[in-house]
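Working notes, structure below.
The values are calculated or read from the model by the stated rules, or taken from the named source; none is laboratory data. Since we're looking at a predicted model, the values are computed, not measured. We place every Cβ from the backbone using ideal geometry, glycine too, and count neighbours over all the protein chains shown.
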Amino acid sequence: MGYSNEFRIKPGSKVNLDKMDAGYHGGYDDEDKAAQELQKNARRLSELQALMYAENKHALLIVLQAMDAGGKDGTIHHVMEAMNPQGCSVVGFKVPTPEELAHDYLWRIHQHTPRKGQITVFNRSHYEDVLVVRVHNLVPEEVWSKRYNDINNFERLLANNGTTIVKFFLHIDKDEQLQRFRDRLDEKDKQWKISDADYKERDYWDDYQQAYTDVLSKCSFNYAPWYVIPANRKWFRNLAVSEILVETMENMDMKYPQPTVDLAEIKRLYHAEVAEEAGFPVSSVHDKPEDKEKKGKKKGKKKKKKK
Ligand code: ADP
């Protein structure tokens, strides 16, 4: 598969977001073809998630970061809808509460990392502590500049303990952001998202791009890679993310656990025997022992009558 290789930031590489085309759409000219591929990936993701849940050995952490209107919510909606909610959760990280600020910045994050068998999507993440925090000088540089190293060690810890980590930066350009803000004005179901602060934040666009450049350059490793997804076209963004997730999960080399019971014995006790006696396969597993006895007696009686 191509996008995983194409969009992954190689460890130690110097990233230049200006040179990455946010409007790129692979070999796809039309959305319909991409939608078919997305469907295929969604089915595969569903199978892989069921396997992961059953195996209960790996955890998967998906980190989503983007500029405002970059499409985090849409990606979660379109890519994750294939997942069984029982094995999947989404956690959004907002401005920290006083309680959270009274702890180290990773405290609130670690509480939400996925347990074995589970997939967790971070809608924003610990990276905000070297993005918005850096851009707005919420802590001095001597504090935030040490965080890249903390974050790498933290993710290393998770990876060493069975968590697969995959991180997506949904890359849109500044004009596309303005267009999306503009579109919200006419869409009744999106108007609630309009915020004056989002417009004002555009003044810091270049600072954010620089902060993202450092994140991508300093924090992409084989155990926790960053992918820069061209995200101006929503359908291509969804396709690329789903393809990378499929590949990531296939590489986890998962297997269904061996049954913990003797299947032949279960069949003999509860299925083959019943099927043989009654002439068709009837499960008696849910029968209470006394019911089974009664049934046995009835059958015995019937047989006697026939004689
Ligand atoms: P979203 O934009 O993710 O849909 P909101 O509109 O509620 O959700 O924005 C969440 C806000 O919380 C963003 O402005 C983000 O920068 C801010 N935020 C998240 N984490 C932190 C943090 N650690 N420190 C300061 N602000 C943060």
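Give me the pairs: first residue in the stretch 200-218 and at negative phi and among the aliphatic types (A, V, I, L, M), second residue assigned to a helix (DSSP H, G or I) and within 11 Å of the ligand (Cβ to nearest atom), beta-carbon distance under 7 Å, and six or more apart or on different chains, which are they?
Going by the 7 Å Cβ cut-off, the qualifying pairs are A211/V130; A211/R134; A211/V135; V215/Y127; V215/V130.
Just to be sure I understand, how many residues within the stretch 9-57 are surrounded by 15 or more Cβ atoms within 10 Å (Cβ to Cβ), small (G, A, S), at pLDDT 95 or above and in a loop (DSSP other than H, G, I, E, B)?
Qualifying residue count for the region: 1.
For H110, indicate whether it is exposed (fewer than 14 other Cβ atoms within 10 Å of the Cβ) and either assigned by TED's automatic domain parsing to the domain that holds L239 or in contact with a Phe, Trp or Tyr (Cβ under 8 Å, 6 or more places away or on another chain) (or both).
On the way: exposed (fewer than 14 other Cβ atoms within 10 Å of the Cβ): yes; either assigned by TED's automatic domain parsing to the domain that holds L239 or in contact with a Phe, Trp or Tyr (Cβ under 8 Å, 6 or more places away or on another chain) (or both): yes.
Judged against the criteria, H110 is a match.
Looking at the stretch 215-243, which of its residues are closer than 23 Å to Y28 by Cβ, away from the ligand (no atom under 16 Å from the Cβ) and aliphatic (A, V, I, L, M)?
Within the stretch 215-243, V228, I229, L239, A240, V241 qualify.
Search the stretch 89-105 for residues being surrounded by fewer than 17 Cβ atoms within 10 Å (Cβ to Cβ) and in a loop (DSSP other than H, G, I, E, B), and hand back the single one that is nearest to the chain's Cα centre (by Cα).
Once the filter is applied, the top-ranked residue is K94.
Evaluate the following for Y212: is it within 13 Å of the ligand (Cβ to nearest atom) and assigned by TED's automatic domain parsing to the domain that holds I9? Reasoning before the result, please.
Working: within 13 Å of the ligand (Cβ to nearest atom): yes; assigned by TED's automatic domain parsing to the domain that holds I9: yes.
Taking the combined requirement at face value, the residue satisfies it.
Out of curiosity, is F168 within 16 Å of the ligand (Cβ to nearest atom), in contact (Cβ under 8 Å) with a residue 12 or more places away in the chain and within 19 Å of M83 (Cβ to Cβ)? First the steps, then the outcome.
Values: within 16 Å of the ligand (Cβ to nearest atom): yes; in contact (Cβ under 8 Å) with a residue 12 or more places away in the chain: yes; within 19 Å of M83 (Cβ to Cβ): yes.
Spelling it out, F168 is indeed within 16 Å of the ligand (Cβ to nearest atom), in contact (Cβ under 8 Å) with a residue 12 or more places away in the chain and within 19 Å of M83 (Cβ to Cβ).
Tell me, please, whether a residue that is surrounded by fewer than 16 Cβ atoms within 10 Å (Cβ to Cβ) and either part of a loop (DSSP other than H, G, I, E, B) or in contact with a helix residue (DSSP H, G or I) (Cβ under 9 Å, 6 or more places away or on another chain) (or both) can be found in the stretch 115-124. First the steps, then the outcome.
Taking the stretch 115-124 as the starting set, the residues that turn out to be surrounded by fewer than 16 Cβ atoms within 10 Å (Cβ to Cβ) are 115-116.
With the extra rule that they be either part of a loop (DSSP other than H, G, I, E, B) or in contact with a helix residue (DSSP H, G or I) (Cβ under 9 Å, 6 or more places away or on another chain) (or both), the set shrinks to 115-116.
There is at least one residue in the stretch 115-124 that is surrounded by fewer than 16 Cβ atoms within 10 Å (Cβ to Cβ) and either part of a loop (DSSP other than H, G, I, E, B) or in contact with a helix residue (DSSP H, G or I) (Cβ under 9 Å, 6 or more places away or on another chain) (or both).
Please verify whether Q86 is more than 16 Å from the ligand (Cβ to nearest atom), modelled with pLDDT under 95 and either more than 22 Å from K72 (Cα to Cα) or surrounded by fewer than 17 Cβ atoms within 10 Å (Cβ to Cβ) (or both), treating the condition exactly as stated.
Answer is yes for this residue.
Scan the stretch 223-260 for residues that are of a type in the set (K, R) and within 17 Å of A66 (Cβ to Cβ) and jot them down. I'd like the intermediate steps shown before the answer.
So in the stretch 223-260, the residues of a type in the set (K, R) come out as 233-234, 237, 255.
Within the stretch 223-260, R233, K234, R237 qualify.
With respect to V135, determine if the residue is assigned by TED's automatic domain parsing to the domain that holds R233 and either in contact with an Asp or Glu (Cβ under 7 Å, 6 or more places away or on another chain) or of a type in the set (D, E, K, R) (or both). Outline the logic, then answer.
Values: assigned by TED's automatic domain parsing to the domain that holds R233: yes; either in contact with an Asp or Glu (Cβ under 7 Å, 6 or more places away or on another chain) or of a type in the set (D, E, K, R) (or both): yes.
Yes; evaluated as a whole, the condition is true for this residue.
Can you pull out every residue in the stretch 89-104 that is within 12 Å of the ligand (Cβ to nearest atom) and small (G, A, S)?
G92
Specify the residue that is farthest from K200 (Cα to Cα); the eligible residues are those in the stretch 105-145 that are among the hydroxyl-bearing types (S, T, Y) and within 10 Å of the ligand (Cβ to nearest atom).
Applying the filter and picking the extreme gives Y105.
Taking the stretch 76-112 only, how many residues are out of contact with any strand residue (DSSP E or B) (no Cβ under 6 Å at 6 or more places or on another chain) and among the hydroxyl-bearing types (S, T, Y)?
2
Hey, Y199 hits all of (1) under 24 Å from V121 (Cα atoms); (2) surrounded by 11 or more Cβ atoms within 10 Å (Cβ to Cβ) but one; which does it fall short on?
Result: Y199 fails condition (1) only.
What number of residues within the stretch 178-208 are within 15 Å of the ligand (Cβ to nearest atom) and within 30 Å of E141 (Cα to Cα)?
Selection size over the stretch 178-208: 13.
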